[in-house]
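The values are calculated or read from the model by the stated rules, or taken from the named source; none is laboratory data. On a predicted model such as this, the values are computed, not experimentally measured, just so you know. All Cβ positions, glycine included, derive from the backbone under ideal geometry; neighbour counts span all protein chains shown. Accessible surface is based on the protein model in full, side chains and every heavy atom, while ligands, DNA and RNA are left aside. Shrake-Rupley method; radii C 1.70, N 1.55, O 1.52, S 1.80 Å.
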Amino acid sequence: MAIEIDLISDTATRPGKAMLAAMAAAPVGDEQLGEDPTVTALCERVADLLGMEAAVFLPSGTMCNQIAFLVHCRPGDEIVAAANSHVYGSEGAGAAALAGAQFRTVETSDGIFGGAAVEAAVRPRRDRAPRTSLVSVEQTTNRGGGAVWPVERLGDVAAAAERHGFAAHMDGARLLNAVVASGASAADQARGFSSAWIDLSKGLGCPVGAVLAGSQGFIMEAWRWKHRLGGAMRQAGVIAAAGLYALDHNVERLAEDHANARAMAERLAGVPGLGLFPERPQTNILFIDIVEEGPSAVVVAERLRSEGVRLGVEGDRRLRAVTHLDVGRDQVIRAAEALIRAVAAG
Ligand SMILES: *Cc1c(COP(=O)(O)O)cnc(C)c1O
């Protein structure tokens, strides 16, 4: 059966008619030569939004993280990050494979930590110790259940990095979800960070793209890596136009996705055999845990598929639902009801 309600990720969005029209109408040029006016406009806009000097357009969020690591770290360096972070577990060990850096992980359930955890993770300055050169945070935390870092904690982490003379990086795949959920501006959240990026292909609904921001010097170095890795493009205004469209039209509405995730959690609350993480979603991510006596996550996901609903399988007993602009309130409630039936079937 065709998937009608796709909650596998907020990457499941399709560009709508108005976005496609904006893409078709975009003025374009050679991006590698800095001649694509639409890409230039997008980069200036995101740099402003994040309170940074400059920005570079990249094909994906993963490339934003990897290029940031390549610029900030040298082989043998260490990056402090949450143990459940995307950079540690979901990017093919890119930090090790590309930048030659290893992680020092911080254990947290929601992916959020403070300056004290950074202090505790910093290595003593000894020849035999790895050099701590970066701390990386994820706003919002994906495997932390879409939790929003409070601005004070972000500032706390950035200050700890500064005290020790290393850089702070923000994986802002869903930073704008955090902006909408908390009311704190993206610039306030990124203050004190050397680099930060937003994904256009997640909740913003674009087919492709991400924008990495930082100082002029950082972005110059990032451009070198963009060329090396084959991320420099040509008439990329066609895809950058989707990003500009999304920043105009798809940011405020993220509040609907958050309300839909909460509605789904409310529908599932108290259902025997199910546990929720978090119990009340702050943003658009909800994990659903199935008790030991119940069917496995794979079995439940298969049953859901036969009803046209797709959830992510995150573990033997864990499913993930991510709300986005292509699913409405009725659909998330229908998904919750299908899930209740699938688990009750034993
Ligand atoms: C999706 C995601 C990424 C990677 O972004 P892509 O555009 O899919 O490469 C990085 N970090 C987090 C937290 C994400 O959710």
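For the reader, a short list of remarks on this structure follows.
- Index of the failed condition, GLU44 passing every other in (1) charged (D, E, K, R); (2) within 16 Å of the ligand (Cβ to nearest atom); (3) without any contact (Cβ under 8 Å) to a residue 60 or more places away in the chain: (2)
- Residue in region 205-217 that is within 15 Å of the ligand (Cβ to nearest atom), open to solvent by 40 Å² or more (accessible area, probe 1.4 Å) and within 20 Å of ARG253 (Cα to Cα) present: yes
- Qualifying residues in region 57-97 (those that are open to solvent by 40 Å² or more (accessible area, probe 1.4 Å), part of a helix (DSSP H, G or I) and without any contact (Cβ under 8 Å) to a residue 40 or more places away in the chain) - the one nearest to the ligand (Cβ to nearest atom): THR62
- For region 239-280, taking the residues that are open to solvent by 70 Å² or more (accessible area, probe 1.4 Å) and not charged (D, E, K, R), the one that is farthest from CYS206 (Cα to Cα) is identified as PRO272.
- Test: residue in region 181-195 that is over 21 Å from THR62 (Cα atoms) and within 16 Å of the ligand (Cβ to nearest atom): yes
- Every pair of residues 6+ apart whose Cβ atoms lie under 9 Å, when the first sits in region 234-249 and is basic (Lys, Arg) while the second is part of a helix (DSSP H, G or I) and open to solvent by less than 20 Å² (accessible area, probe 1.4 Å): ARG234/GLU31
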